[in-house]
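Here's the structure we're looking at; comments come further down.
The values are calculated or read from the model by the stated rules, or taken from the named source; none is laboratory data. In this text the structure is predicted, and so the values were computed from the model without any measurement. Don't worry about glycine lacking a Cβ; one is built from the backbone with ideal geometry, like all the others, and counts go over all protein chains shown.
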Amino acid sequence: MKLSGRSGSRHILVTGATGFIGLNLIDKLLKDTNDYIYALSNRQYLPNIYKDIPPNRLKSYLGDLSDFKSIRRIVTETKPEYVVHLGGMVDLDRSHKVVISCVESNIKGTVNLLESIRGLGVKRFVFCSTTEVYGERDAPFVETQEADVISPYSITKLSGEMFCRLYFKLYGVPAVILRLSNIYGPWQKKQRLIPMIILAALKGEDILLDSGDRIKDFCYVSDVVEALLGSLDSDKAINEIINIGSGKGVEIRVVAEAVVKETNSGSKIILRQGMSRALENKVCYCDCNKAQETLGWTPKVDLKKGLRSTIQWYELNTEKI
């Protein structure tokens, strides 16, 4: 079944192609469209699941976003009509040690990509930011709220947003800015929260949480992929900032309990008070009404279904992460 009733094919450059959102996006594009995908990553290979895909449908490129010459060469060669910019560094550490890496990847990398596509007539540039930029603002987060950056990561993602808007104003680059909430699903790294909970439950190990009563907005990755695809088609979304999340807040402890129940695990949930990050907002979830208005998008996968699907994937694919 092809997406959005579209015919024909598009040429799409996906950065961060070997990240878990990138892998899910590429999988959807290959299965449900006739699009040509250029997969850019700083890792050498895409997974073997793509080994039987015709080479003209999917081409993999190795490149560092902070290296302008490398990125410009790849963009010049591929001449993408659409760009989905998922690449960058995700590290919520509040310390100085991550500053340079975040700046190089998330600011310099984004500017290099924008500069590389300038003047090529790209039809859409989708920039994936984060609801982390809302910081300690009151939930539900709405796009009209002033940002309140609380980490080097959130500072660099907000800077990326600002460069997207600048390149739209100066050069007409049709950018769409999506602020993603806490995304989970297949292919996510085992160091992230929900994979850590799932893997501990599958092993029957204690599940250690820094604070079980913190409330987060957990959105299943297939819903995020649909939002990304909607961004490619929506003219209303150009030069807009749009929240993408479940629109609901759930206590982390409740998520852990749901995983333990779904896996029939004997794991114990252990709360370690006082271990949260500095400036950690206790209640984080976003209002997604603007996504409905601009993209025609609403999340479809509830937490129970999403966790069940994610657990099933990790049961079969632990060695792949």
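Conditions first: (1) touching a residue at least 60 places away in the same chain (Cβ under 8 Å); (2) farther than 20 Å from ARG179 by Cβ; (3) of a type in the set (Asp, Glu). GLU115 passes all but one, so which condition is the exception?
(1)
Can you name the number of the only condition in (1) modelled with pLDDT of 95 or more; (2) touching a Gly at 6+ places or on another chain (Cβ under 9 Å); (3) farther than 30 Å from LEU316 by Cα that SER116 fails?
(2)
Go through (1) modelled with pLDDT of 75 or more; (2) surrounded by fewer than 17 Cβ atoms within 10 Å (Cβ to Cβ); (3) outside any loop (DSSP other than H, G, I, E, B); (4) polar (S, T, N, Q) one by one and return the number of the condition ASN34 breaks.
(3)
Out of everything in the stretch 215-243 that is out of contact with any Ser or Thr (no Cβ under 7 Å at 6 or more places or on another chain) and charged (D, E, K, R), what residue ends up being farthest from ASP287 (Cα to Cα)?
Applying the filter and picking the extreme gives ASP235.
Would you mind stating whether TYR134 is closer than 22 Å to TYR36 by Cα and of a type outside the set (Lys, Arg)?
Spelling it out, it is not the case that TYR134 is closer than 22 Å to TYR36 by Cα and of a type outside the set (Lys, Arg).
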